[in-house]
Amino acid sequence: MRRQILLTAFLLLHGIRPLLHAQEFKLFDRVVQVHGWLSQGFVYTDENNWLTMNTSSGSGAMTDMGLNFSTRITDHLRLGAQFYDRNLGQLGQWHPSLDWALADYRLHSWLGIRAGKVKTVLGLFNDTQDQDFLYTFALLPQGVYPTDLREATIAHLGADIYGRIPLKSSANLAYTVFAGHRHDSIHSGYPYLISQYGAVFKSLGGLQYGADLRCQMPAKGPLLGISRLNEDTSGKGTATDPITTDGTFPYSEYSRANWTNQFYGEYVIGRLRLDSEYRRYLRDQMIYSGTTENITDVRAWYVSGGYTLTRNLRLGSYYSHYTLRNEVKGALAPYFPGKTDTSLPTNHIYDKVLTLCFDLKKFWNVKLEAHFINGYAFVSYPDGFYPQENPNGFKPNTNALVVRTGFYF
Amino acid sequence: MDHPKMILVALAMVMFTSTNTRAGDIKIIANPALKADTISVRELQGIFLGEKTSLEGMHVEPVFEKGGRAHESFLRQYLGRSSDDLQKYYLALQFSGRGTMPTTVASDAEVVAFVAGTRGAIGYVSAGTSTEGVKILTVAVSFGNNERKLLTRVDPIYPEELYKRSIGGTVRLKVIIAPNGSVEHAELLGGNPVLGDAAIVAVQKWKYAPASSRTVTEITIPFDPNR
């Protein structure tokens with residue numbers, strides 16, 4: 001593992017340096033653009049361990065990187081692909097993945113199609129959540145964009161139909177309709193969470209389809225949008241009996257319902273940028289080979305503001321509000337009492353955040369971010385706080401310091 | 001040359017050199033194959049944000065300058081965002097697979113060369129840049145929600161004295177369009193007053209598509225003595 005990390009770091013450091021000056025090359029008389037990024041974070045928390053890292057001792061197990069290639073074949077046709085790799089505590093574990101790889105045929109401004117592995121458009125930032133250099137914040141509001149669950153919504157193997165329709169006013173209406181198959185990494189948050197109960201996935205994923213509609217001004221100005229995402233999550237693997245922990249048996253689970261509604265808005269005025277989103281996520285999952293029904297109802301919203309103080313310094317702040325209700329029916333119901341009182345720390349996470357972002361160079365920044373977190377919302381669905389890293393139980397409040405640096409080209 | 005004419009030319013030269021109007025410091029250029037002579041701000045924004053891919057049936061390709069006065073002026077006037085914001089906008093497209101970084105060149109001369117040699121290309125350069133091999137587009141700015149389609153365009157007659165002395169520039173006009181599409185009123189907002197007078201005479205002959213109400217529009221008209 002260490003050799004793999006060192007090799008990756010070496011290739012990135014020595015590969016990226018010349019690319020910073022030469023971001024494109026020619027192949028079969030076509031210009032191929034090359035872009036990439038690398039980011040490294042450090043997280044310290046005073047109480048609960050966070051994001052599958054041993055953060056109470058300080059952890060630097062927060063690295064991600066990507067590299068993409070794209071070229072235009074004709075005026076209307078574009079091809080591209082991006083590779084992605086990350087290590088976030090126990091997640092990712094340096095298993096590289098094809099982030100997206102697609103052919104994009106744009107017939108008109110109002111009609112185009114992307115096919116292949118396509119990033120899922122959901123809310124303001126789902127498809128760009130990995131590119132922290134685009135944002136003031138080191139971590140996007142975790143209630144709406146949980147980094148430990150990125151694989152659950154990030155991309156699908158299928159197609160998007162998209163376009164932009166000018167309205168009579170000066171606004172545009174942009175739409176995206178998509179459908180495909182989603183493949184979840186077994187090194188992501190949900191498989192890791194339920195591994196504590198002895199379940200080990202060999203495969204996880206399913207159908208994903210939905211739509212996004214947003215009304216926006218062509219230049220800076222207000223943007224309002226709505227997204228809907230329907231998913232099916234089927235998993236297969238093995239498990240030990242959660243009660244007796246005796247012997248293994250084939251494990252499976254599937255969705256009865258799995259949907260997300262997201263409403264969002266953005267406004268930029270001068271040096272000030274304001275964003276807000278509301279996400280409701282309902283997951284009705286038959287687990288333990290159909291013996292138990294686990295219903296999770298997540299409601300989250302945030303309000304964020306970013307202000308450019310100087311050319312190289314930005315200040316940001318957000319409040320992220322996350323509540324979770326949970327009901328378990330069937331065989332395991334006696335062991336998982338229902339959770340409905342969202343005022344309890346075990347059923348919510350309220351996160352107040354303050355960030356300073358320094359642009360050291362045009363392509364290199366450093367962020368200092370303070371989180372003041374109340375609650376840990378521990379149930380059978382992940383949200384950043386995992387019992388595996390907190391074997392002695394959770395404390396109601398956690399303060400966190402996140403330092404993150406990254407560069408891109 | 002008689003005295004009044006000399007005074008007029010001198011005045012025009014003073015005005016030209018001292019006026020740093022909002023639209024007068026850059027001009028929008030396009031490959032000659034592009035049919036359009038006029039472009040709205042909304043169309044410009046769509047093209048330069050990668051949202052609009054064609055203009056009057058032809059594929060268009062925007063070209064940016066890496067930096068400099070023309071670049072900053074263009075972003076401020078038409079896109080309403082800083083160079084950094086624009087880069088982040090395109091990076092978001094690039095890294096999510098929704099688009100690619102646009103063509104970017106280093107100087108006005110390179111923009112002109114690219115636009116001249118690339119079918120459907122459209123760019124911006126400083127007002128004083130020689131624009132041989134490309135066409136200059138008139139930019140129409142609409143106020144309110146009504147954008148009127150221009151049906152008949154009459155080119156202004158270049159004032160002879162200014163042309164002989166290679167005095168050019170861009171003038172900015174406020175135009176009121178009647179519901180029937182005729183130009184009801186045109187007045188100079190910025191630029192050389194002699195060129196402005198010529199522009200007003202031409203614009204008063206323009207004809208727009210009819211609409212239910214009167215529309216106020218701002219247009220910029222370039223005068224290039226090198227053409």
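Considering segment A:88-102, and only residues there that are within 29 Å of residue A:71 (Cα to Cα) and in a strand (DSSP E or B), the residue that is farthest from the chain's Cα centre (by Cα) turns out to be A:102.
Does segment A:253-266 contain any residue that is assigned to a strand (DSSP E or B) and either of a type in the set (A, V, I, L, M) or within 14 Å of chain B (Cβ to nearest Cβ) (or both)? Yes, there is a match, as at least one residue in segment A:253-266 is assigned to a strand (DSSP E or B) and either of a type in the set (A, V, I, L, M) or within 14 Å of chain B (Cβ to nearest Cβ) (or both).
Tell me yes or no: at least one residue of segment A:47-59 is touching a strand residue (DSSP E or B) at 6+ places or on another chain (Cβ under 7 Å) and part of a strand (DSSP E or B).
Taking every residue of segment A:47-59 in turn, at least one turns out to be touching a strand residue (DSSP E or B) at 6+ places or on another chain (Cβ under 7 Å) and part of a strand (DSSP E or B).
For segment B:146-187, the set of residues classified as assigned to a loop (DSSP other than H, G, I, E, B) and closer than 18 Å to residue B:39 by Cα consists of B:146, B:147, B:148, B:149, B:153, B:154, B:155, B:156, B:181, listed by residue number.
Pairs linking a residue in segment B:167-191 that is surrounded by fewer than 18 Cβ atoms within 10 Å (Cβ to Cβ) to a residue that is small (Gly, Ala, Ser), with Cβ atoms under 8 Å and 6 or more positions apart or on different chains, are B:174/B:186; B:176/B:186; B:179/B:211; B:179/B:212; B:179/B:213; B:184/B:178; B:188/B:196; B:188/B:199.
Would you please name the residue that is surrounded by the fewest Cβ atoms within 10 Å (Cβ to Cβ), looking only at residues in segment B:43-53 that are of a type outside the set (Phe, Trp, Tyr) and more than 7 Å from chain A (Cβ to nearest Cβ)?
Filtering segment B:43-53 down to residues of a type outside the set (Phe, Trp, Tyr) leaves B:43-47, B:49-53.
Narrowing further to those that are more than 7 Å from chain A (Cβ to nearest Cβ): B:43-44, B:47, B:50.
Values: B:43: 22, B:44: 26, B:47: 24, B:50: 18.
Residue satisfying both the conditions and the ranking: B:50.
Residues that are within 30 Å of residue B:89 (Cα to Cα) and over 18 Å from the mean Cα position of the chain (by Cα) do occur in segment A:259-266.
Considering segment B:188-227, and only residues there that are hydrophobic (A, V, I, L, M, F, W, C) and part of a strand (DSSP E or B), the residue that is modelled with the lowest pLDDT turns out to be B:216. Are there any pairs, at least 6 apart or on different chains, whose C-beta atoms fall under 7 Å, with the first in segment A:302-331 and farther than 30 Å from residue A:290 by Cα and the second of a type in the set (Asp, Glu), and if so, which? Qualifying pairs under 7 Å: A:302/A:277; A:304/A:275; A:312/A:359; A:320/A:351.
Identify all residues within segment A:361-409 that are within 14 Å of chain B (Cβ to nearest Cβ) and more than 21 Å from the chain's Cα centre (by Cα); write none if there are none. Scanning segment A:361-409 gives A:361, A:362, A:363, A:364, A:409.
Annotation for segment B:75-97: no member residue is more than 14 Å from chain A (Cβ to nearest Cβ), surrounded by fewer than 18 Cβ atoms within 10 Å (Cβ to Cβ) and outside any helix (DSSP H, G or I).
So which residues in segment A:108-119 are surrounded by fewer than 21 Cβ atoms within 10 Å (Cβ to Cβ), facing chain B (nearest Cβ under 9 Å) and part of a strand (DSSP E or B), if there are any at all?
As a first pass, look at segment A:108-119 and keep what is surrounded by fewer than 21 Cβ atoms within 10 Å (Cβ to Cβ): A:108-113, A:115.
Applying the additional criterion that residues be facing chain B (nearest Cβ under 9 Å) yields A:108-109, A:112.
Within segment A:108-119, A:108, A:112 qualify.
Being in contact with a Ser or Thr (Cβ under 8 Å, 6 or more places away or on another chain) and modelled with pLDDT under 95 is a description that does not apply to residue A:400. The residue of segment A:35-81 that is surrounded by the most Cβ atoms within 10 Å (Cβ to Cβ), among those that are in contact (Cβ under 8 Å) with a residue 60 or more places away in the chain and within 14 Å of chain B (Cβ to nearest Cβ), is A:37.
For residue A:87, the requirement of being under 26 Å from residue A:190 (Cβ atoms), more than 12 Å from chain B (Cβ to nearest Cβ), out of contact with any Lys or Arg (no Cβ under 8 Å at 6 or more places or on another chain) and surrounded by fewer than 17 Cβ atoms within 10 Å (Cβ to Cβ) is not met. Annotation note: Cβ proximity below 6 Å between a residue of segment A:254-271 that is more than 30 Å from residue A:202 (Cβ to Cβ) and a residue that is of a type in the set (Ser, Thr, Tyr) and part of a strand (DSSP E or B) (sequence gap 6+ or interchain) occurs for A:262/A:227; A:263/A:278; A:265/A:276; A:271/A:307; A:271/A:308.
Of all the strands (runs of 3 or more DSSP E) wholly in segment A:120-232, which have at least 2 residues that are buried (at least 19 other Cβ atoms within 10 Å of the Cβ), within 14 Å of chain B (Cβ to nearest Cβ) and touching a residue at least 12 places away in the same chain (Cβ under 8 Å)?
A:155-166, A:172-183, A:200-216
The values are calculated or read from the model by the stated rules, or taken from the named source; none is laboratory data. Keep in mind that this is a model prediction, so the values were computed, not measured. In this analysis, Cβ positions are derived from the backbone assuming ideal geometry, glycine residues included, and neighbour counts consider all displayed protein chains.
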